[in-house]
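The values are calculated or read from the model by the stated rules, or taken from the named source; none is laboratory data. Just so it is clear, the structure is predicted and the values come from calculations on it, not from any experiment. No Cβ is skipped: glycine too gets one built from the backbone with ideal geometry, and neighbour counts run over all protein chains shown. For accessibility, only protein heavy atoms count, side chains too; no ligands or nucleic acids. Shrake-Rupley method; radii C 1.70, N 1.55, O 1.52, S 1.80 Å.
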Amino acid sequence: MEDYAPLDENSESLPPIREQLNNDLEKDQQQQQSPLSEKRQVSNKSIDSLAEAETDLDATESLQSVLNSVVKVFCTSTPCNFSLPWQVKSQVVATASGFIIKNRWILSNAHAVANQSSIRIRKHGDAKKYSARIVHIAHECDLVIMTVDDDKFWNNLEPLTFSNDMPSLQESLTIVGYPIGGDNISVTKGVISRVVMSTYSHSREDLLTIQIDAAINGGNSGGPAVQGKLVIGVSFQSYNQLQLIGYIIPVSVIKHLLDDIELHDKYTGFPRMAFRYQSMENSSYREYLKLNHDQHGILVTSVEPACVLSKVLQEDDVITEIDGVPIADDGTVHFRRGERLSFRYLEKLKFVDDRVTFTIIRQGKQLTLTSRLDNNQELVPSHSHDKCPEYLIYAGIVFTVLTRFYLYEWGKRDWYEKAPKHLVDLAYEAKLQEPDQQIVIINRILVDDVNHGVDSELKNSVLETVNGIKINNIKHLAELIDKISKDDDNGFIRFEMDNKNVIVMSCKQVAQSEARILKQNSIAQPRSENLC
């Protein structure tokens, strides 16, 4: 990795270089007494030096125009508390980078402004921080579009242009941004190491990424990766176990966001083909499924019931092509010469409600199936950015929704080892049956006389039914409780868990205890705002 100082500190040295080269040429012309071969050598050397200097000068001028369009982002965030869902955590202050694109928009990373309370942006070479706001945010691809309403901010700013081509391996690139360790802009050079589908840590979404041999440090996030004056990607994450490895979001993903906004006037997300599969590299399995030697693809092992694809795909279908693109037995498709990508690459090129065509082998017969695409959330959502946790307190029992962010309260990096095993299993294995389905759990029990004797071990139990009615989501739970309490305030409510444990409460006693429990625990309201 090679670091460059900000260009404006060295810009005064450029004119003397050109002047010196011109002097060298004049001296060469004055050397009339030198042998012809010697004069030619001097002349050729001077011309080569001049060409190199002109190239360096052009590169420097290109870089200067890029620097003028790169900004520093200052964000104060207020994270939600999924363990105590009626509270928020302490504010966090962080910096990131961004750059100017069309429509007076500023592009940066979504993770830099998640749960934002305040965003301010400073231009290169300026001391003032301008108040900014979010126009569109796309957590799945870790991108955000912001703007500044103050017209003075936009003086002398020009949007950067995106490249139309995917860079090749070993091509050089420049990373521009504001990494930690200093307040001024930083310029780093590297090369393209690999193009691959990988997991975006902010959202757990698998999308196309470009791996580079330059580290992406804290604060670099959101800055442009450029070749000349063209943007080829956005810096966004690094690999903790390795040095000098960083990842950028390629232009194809950025343009998907911009095209999505243009088509739908908002960000609608990436489609999700919610089926599980396995490779077809085992010869016995291929023979069992009646595949010819020239038939290749992936085996569908299950389809999520809530996914629209459940109407066309079945267990034991072998998908050989998607939109006419052949799928290999290992689940990859051709990308470009010598490179292959996961077939999920084809999925993420499309938009929600686009149509997709599958060529499949079903019981030895080849079929062509067509379906639209949707993007239903997973039953246990992978991320809950900018979403406060939903909760309901009844008789001191705190009900909430199972999400990955709830499980992260046991540790962001090792939650799958420390969180309750049955909840971890649900996070990995549970399938969405209905579009609005949620897993409702007992977050904790706030001790009070009304719930005396209720086993504290019921914490983190999954709620199955209320008075025998199966719970679909936490809003459904709130509606049932309200209805039962209203219809018979002298009656009882029976909560049954998935482990068959039961809680029974008197509606009248619960109503008398609510204000007391809230006051004892300094809780403003018994429900999240969306349930009131």
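Could you tell me how many degrees, from 0 to 90 and to the nearest 10, lie between the Cα long axis of helix 14-30 and the main elongation axis, the longest principal axis, of the Cα atoms of the chain? Approximately 30 degrees, to the nearest ten. For the residue pairs Lys421/Lys483; Lys72/Lys348; Lys255/Lys421, the alpha carbons lie more than 32 Å apart in Lys421/Lys483; Lys255/Lys421.
Per-atom-type breakdown for the range 161-264 gives carbon and sulfur 44% of the accessible area (1.4 Å probe, protein chains only). Summing charges over all other residues whose Cβ lies under 10 Å from the Cβ of Gly331, with Lys and Arg as +1 and Asp and Glu as -1, gives -1.
Packing here is the average count of other Cβ atoms within 10 Å per residue, and on that basis the peptides 140-149, 522-531, highest first, run 140-149, 522-531. Backbone geometry of the range 62-76 corresponds, through the Karplus equation with coefficients 6.51, -1.76 and 1.60 at θ = phi - 60°, to 3J(HN,Hα) couplings of 5, 5, 4, 5, 5, 4, 5, 9, 9, 10, 9, 9, 10, 10, 10 Hz, x marking Gly and Pro.
Placing dummy labels 7 Å off each Cα toward the beta-carbon, the span from Ser131 to Val352 is 3.1 nm.
When the C-alpha to C-alpha distance is required to be over 20 Å, the pairs from Lys459/Lys508; Lys89/Lys475; Lys418/Lys459 that qualify are Lys459/Lys508; Lys89/Lys475.
Helix content alone sets the calculated 222 nm mean residue ellipticity of the chain: runs of n ≥ 4 DSSP H residues at -39500 (n - 2.57) each, divided across all residues, give -7000 deg cm²/dmol. Protein heavy-atom accessible surface, 1.4 Å probe, per residue over the chain: 51 Å².
Short-range pairs are left out: with C-alpha atoms under 8 Å and at least six residues apart, the relative contact order of the chain is 10 percent.
Solvent exposure of Glu429, expressed as accessible area, is near 110 Å², computed with a probe of 1.4 Å over the protein chains only. With the highest mean first, a sort of the peptides 495-508, 107-120, 369-382 on other beta-carbon atoms found within 10 angstrom per residue produces 107-120, 369-382, 495-508.
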